[in-house]
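Read the structure below first, then the notes.
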Amino acid sequence: MELQLALDLVNIPEAKDVVKEVAPYIDIVEIGTPVVINEGLRAVKEIKDEFPSLKVLADLKIMDAGGYEVMKASEAGADIITVLGVSDDSTIKGAVDEARKQNKKIMVDMINVKDIAARAAEIDNLGVDYICVHSGYDHQADGKNSFEDLATIKRVVKQAKTAIAGGIKLQTLPEVISAQPDLVIVGGGITGAEDKQAVAAQMQQLIKG
Ligand SMILES: O=C(CO)[C@H](O)[C@H](O)COP(=O)(O)O
């Protein structure tokens, strides 16, 4: 099981400071959608250049033009790029084909997918690398989480790795781990902590068992 740190509400210098603090305890650093909107793919490039041993995920949440957008994120140094599960199959296939050419990986974000079981099974057959259940900020504000959805994809996904994101904190991590995803994604649970390093270290300890 791996730990991904999601950076959403920072600029590039702040992102570097957080990664410096927690780098030994994480496997993947995510350049979140708001960071890409504010800073562009330069944020991906700068983090990859400064932390080459970490995998960098560009959370582009691609909805169209999968091949082109994966190509641009790959050029910036991303190792993993996100595509939305609600996209057309042709968009996901385009993203997967380009990722194979560039030796990169595709994560499908299942945010707002209504029939998680059916769509996850379809997407699994498109050759993606990760399928991620996700309660976004707007769902979290309504008190929702994706713990049940994780159990659902664990049942139906046969090839891709499984991941979960959305409001995971140190206190809720044991429940997440008990469902055995391949990847746990944590943003505010680390970045909002007073001692980010201590929380990331405890999370790593729980995850690596
Ligand atoms: O993609 C995102 C929001 O769309 C976040 O990166 C993801 O939800 C993880 O952050 P948090 O743990 O703070 O919810």
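Observations on the structure shown:
- In the stretch 110-123 there is no residue that is at pLDDT 95 or above, touching a Gly at 6+ places or on another chain (Cβ under 8 Å) and of a type in the set (Asp, Glu).
- So VAL176, is it closer than 19 Å to ILE116 by Cα, more than 16 Å from the chain's Cα centre (by Cα) and of a type outside the set (D, E, K, R): no
- Of all residues making up the stretch 189-209, the number that are free of Cβ contacts under 8 Å to residues at least 60 places away in the same chain and under 16 Å from the mean Cα position of the chain (by Cα): 1
- Among residues of the stretch 1-26 that are closer than 20 Å to ILE168 by Cα and at pLDDT 95 or above, those with a Cβ under 6 angstrom from a residue that is assigned to a helix (DSSP H, G or I) and away from the ligand (no atom under 15 Å from the Cβ), sequence gap 6+ or separate chain, pair up as LEU3/GLN204; GLU21/GLN197; VAL22/GLN197; TYR25/ALA201; TYR25/GLN204.
- Residues that are away from the ligand (no atom under 16 Å from the Cβ), touching a helix residue (DSSP H, G or I) at 6+ places or on another chain (Cβ under 9 Å) and over 24 Å from LEU54 (Cβ atoms) within the stretch 117-138 comprise ALA117, ALA118, ALA120, ALA121, GLU122, ILE123, ASP124, LEU126, GLY127, listed in sequence order.
- Selection within the stretch 166-191 - over 14 Å from ILE26 (Cβ atoms) and crowded, with 21+ Cβ neighbours inside 10 Å: GLY166, VAL176, PRO181
- Residue satisfying condition, being of a type outside the set (S, T, N, Q), modelled with pLDDT of 95 or more and on the phi > 0 side of the Ramachandran plot, within set GLY192, GLY143, GLY166, GLY188: GLY166
- Lone unmet requirement of (1) crowded, with 19+ Cβ neighbours inside 10 Å; (2) farther than 24 Å from LEU60 by Cβ; (3) of a type in the set (D, E, K, R) for GLU194: (1)
- Residue match in the stretch 118-138 (condition: farther than 20 Å from ILE106 by Cβ, part of a helix (DSSP H, G or I) and of a type in the set (A, V, I, L, M, F, W, C)): no
- Considering residues of the stretch 139-168 that are assigned to a helix (DSSP H, G or I) and basic (Lys, Arg) only, the residue farthest from ASP8 (Cα to Cα): ARG155
The values are calculated or read from the model by the stated rules, or taken from the named source; none is laboratory data. These numbers were taken from a predicted model, which means no experiment stands behind them. Please note: Cβ atoms are built from the backbone with ideal geometry, for glycine as well, and neighbour counts cover all protein chains shown.
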